[in-house]
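Below: the structure, in structure tokens.
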Amino acid sequence: MNTKNILITVILLIVFSSVTNEAQQWVKMNPTFDPPGDYNLGRGVMLDKNNGWVVEELNRKAFQTTDGGYTWNLKLQVDTTSVGEIFFLNSDNGWITFAQQDSTILFRTEDGGMIWDRFTVPFMYRVFFVNDTLGFGGGRLNFYKTTDGGINWSKIDLGETKYYFFFGDSYVFDENSFIILSSIWNGDSYQPRYQFAMLKTTNGGNSWFQVQTNLDGIIDFVPRNIKFFNSFNGVLTRGWVTGEAYYTNNGGLNWFKSQQFPRQNLGEITDMFFLNEQLGWVIGQSGIFLMTSDKGITWEQINITENRLYSISFIKDKSLGFIFGSHNTILKYDRTVGIKEEYTSQNSNFLLLQNYPNPFNSTTTFTFELPLPGYTELKIYDALGREVKTLLKGNVEQGKHTIQFNASDISSGIYFGVLSYDEKRVSSKIIIIK
């Protein structure tokens with residue numbers, strides 16, 4: 001390996017190490033609640049950097065924040081024993097449900113929570129919506145569909161003799177194709193046992209079929225979360241008593257158990273979130289907090305709290321993340337903190353500024369400055385140090401320059417821009433999210 005390649009490798013190793021550390025830097029917040037109390041924060045969602053909602057598990061309350069999660073005010077409450085869930089399609093359209101013994105109280109907003117309409121609907125643990133009118137929900141052996149935003153629900157005929165018990169997750173590929181994780185109940189009221197089931201529709205929910213996978217038939221397999229990066233690659237978790245993670249590379253037909261997934265004393269998994277195709281987290285009871293940086297193949301434990309962690313929510317541009325848990329626990333992940341200009345100590349006029357925007361979807365712009373004319377290269381590398389694209393190669397005049405990087409043909413992930421000039425090199429971290 002020549003000197004140039006050694007220098008680039010060293011730069012990438014240093015920067016990649018800082019990225020790994022940054023990925024673990026969730027910090028505890030010190031929120032206040034009105035009225036004050038010791039709350040078990042369940043499903044939460046942040047709509048933007050200031051506004052968000054969270055459902056309190058035991059006391060049937062829904063709180064709102066307008067200052068980024070520092071203060072929370074009670075906005076909704078029901079009087080009966082219930083389990084709360086929340087789903088926001090966008091910053092305007094949202095639903096909060098409180099499942100009771102025989103029915104569910106559903107609140108719907110169309111203006112970001114300024115006004116909530118209340119409805120009593122069939123018993124459902126969880127709902128999800130494909131658009132502002134089409135939604136699905138399920139619980140206790142029944143699935144339901146709404147076409148009017150949650151006001152009226154009709155029972156879905158799955159065309160099977162099996163009893164599907166809805167307690168999983170959903171993933172929407174597009175408005176016609178989506179997946180629901182479920183379980184099959186064997187009907188034994190004394191010792192009920194559950195088996196894995198994945199249901200799919202390709203016609204907008206008009207008809208469903210069970211996807212045949214290698215996990216079918218496994219006893220006490222209750223799937224909890226699912227995420228697909230594309231039509232082939234995805235990750236799912238097994239919840240309740242046994243916590244496990246699986247990944248697929250063929251659209252969910254075959255699932256492979258993740259390596260190095262901590263099994264000792266690992267109980268219920270409650271939520272999973274991926275920042276991009278590589279980096280993701282799993283949380284659960286007793287402070288379960290795991291991170292992966294390789295699409296869910298391997299995982300490592302993050303020790304930050306012993307409290308139960310229930311849900312993860314990132315705002316739309318994924319620059320801010322929040323985790324909600326018991327005893328008023330809120331963790332925050334701020335990707336806008338710590339982004340600095342990088343430069344060599346030998347010459348402060350030789351700068352590669354952080355690309356903007358970052359993270360980005362398709363295009364971003366690099367800005368750099370040279371003290372004198374000279375031969376300059378600007379290249380993009382992946383996290384393994386492999387060259388992905390050359391943006392600049394040739395003689396460049398003195399002064400400040402901008403170069404646009406079109407990443408429409410590059411997959412999501414963490415990359416690095418490396419600027420070379422006068423035998424000096426500086427790097428800038430790039431995050432592509434699609």
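The values are calculated or read from the model by the stated rules, or taken from the named source; none is laboratory data. Remember, predicted model here, so these are calculated numbers, not experimental data. Using ideal geometry, Cβ is built from the backbone for each residue, glycine included, and neighbour counts are taken over all protein chains shown.
Quick check: anything in region 118-128 closer than 24 Å to Ile315 by Cα and either of a type in the set (A, V, I, L, M, F, W, C) or not assigned by TED's automatic domain parsing to the domain that holds Gly204 (or both)? Yes, there is a match, as at least one residue in region 118-128 is closer than 24 Å to Ile315 by Cα and either of a type in the set (A, V, I, L, M, F, W, C) or not assigned by TED's automatic domain parsing to the domain that holds Gly204 (or both).
Picking from residues in region 45-73 that are assigned to a strand (DSSP E or B) and not hydrophobic (A, V, I, L, M, F, W, C), the one that is nearest to the chain's Cα centre (by Cα) is Gly52.
The number of residues in region 404-414 being modelled with pLDDT of 85 or more and either under 25 Å from the mean Cα position of the chain (by Cα) or surrounded by fewer than 20 Cβ atoms within 10 Å (Cβ to Cβ) (or both) comes to 7. A single entry from Leu47, Leu106 fulfils the requirement of being in the same structural domain as Phe33 (by TED's automatic domain parsing), closer than 25 Å to Phe143 by Cα and modelled with pLDDT of 90 or more: Leu106.
Listed here are the residues, each with its yes/no results for (1) assigned by TED's automatic domain parsing to the domain that holds Phe273; (2) within 21 Å of Tyr125 (Cα to Cα); (3) surrounded by 14 or more Cβ atoms within 10 Å (Cβ to Cβ); (4) touching a residue at least 60 places away in the same chain (Cβ under 8 Å).
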site: Asp34; (1), (2), (3), (4): yes, no, no, no
site: Leu41; (1), (2), (3), (4): yes, yes, yes, yes
site: Thr65; (1), (2), (3), (4): yes, no, yes, no
site: Asn73; (1), (2), (3), (4): yes, no, no, no
site: Phe87; (1), (2), (3), (4): yes, yes, yes, no
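Summed over region 104-120, the residues that are surrounded by 16 or more Cβ atoms within 10 Å (Cβ to Cβ) and either under 18 Å from Lys155 (Cβ atoms) or not β-branched (Val, Ile, Thr) (or both) give a count of 8.
Residues that are outside any loop (DSSP other than H, G, I, E, B), under 13 Å from the mean Cα position of the chain (by Cα) and either modelled with pLDDT under 85 or under 28 Å from Leu58 (Cα atoms) (or both) do not occur anywhere in region 353-364.
Scoring Glu268 on the criteria (1) crowded, with 21+ Cβ neighbours inside 10 Å; (2) modelled with pLDDT under 85 leaves a single failure, condition (1).
The set of residues in region 123-140 being free of Cβ contacts under 8 Å to residues at least 60 places away in the same chain, under 26 Å from Phe173 (Cβ atoms) and touching a strand residue (DSSP E or B) at 6+ places or on another chain (Cβ under 8 Å) consists of Met124, Tyr125, Arg126, Val127, Phe128, Phe129, Thr133, Gly135, Gly137, Gly138, Gly139.
The condition of being modelled with pLDDT of 95 or more, among the β-branched types (Val, Ile, Thr) and surrounded by 12 or more Cβ atoms within 10 Å (Cβ to Cβ) holds for Val54. Considering only region 385-403, I want to know if a residue exists there that is at pLDDT 80 or above, under 34 Å from the mean Cα position of the chain (by Cα), outside the structural domain of Gly69 (by TED's automatic domain parsing) and closer than 30 Å to Gly287 by Cα. No, every residue in region 385-403 fails to be at pLDDT 80 or above, under 34 Å from the mean Cα position of the chain (by Cα), outside the structural domain of Gly69 (by TED's automatic domain parsing) and closer than 30 Å to Gly287 by Cα.
Assess whether Phe405 counts as being part of a strand (DSSP E or B), in contact (Cβ under 8 Å) with a residue 40 or more places away in the chain and farther than 18 Å from Asn276 by Cα. Judged against the criteria, Phe405 is a match.
Taking the listed residues Gly385, Gly417, the one that is surrounded by 12 or more Cβ atoms within 10 Å (Cβ to Cβ) and in a loop (DSSP other than H, G, I, E, B) is Gly385, with no other qualifying. Filtered by the rule that a residue be farther than 16 Å from Arg425 by Cβ, outside any loop (DSSP other than H, G, I, E, B) and not hydrophobic (A, V, I, L, M, F, W, C), region 388-402 gives Lys389, Gly394, Asn395, Gly399, Lys400, His401, Thr402. Within region 135-151, the set of residues being crowded, with 17+ Cβ neighbours inside 10 Å and either hydrophobic (A, V, I, L, M, F, W, C) or assigned to a strand (DSSP E or B) (or both) comprises Gly135, Phe136, Gly137, Gly138, Gly139, Asn142, Phe143, Tyr144, Lys145, Thr146.
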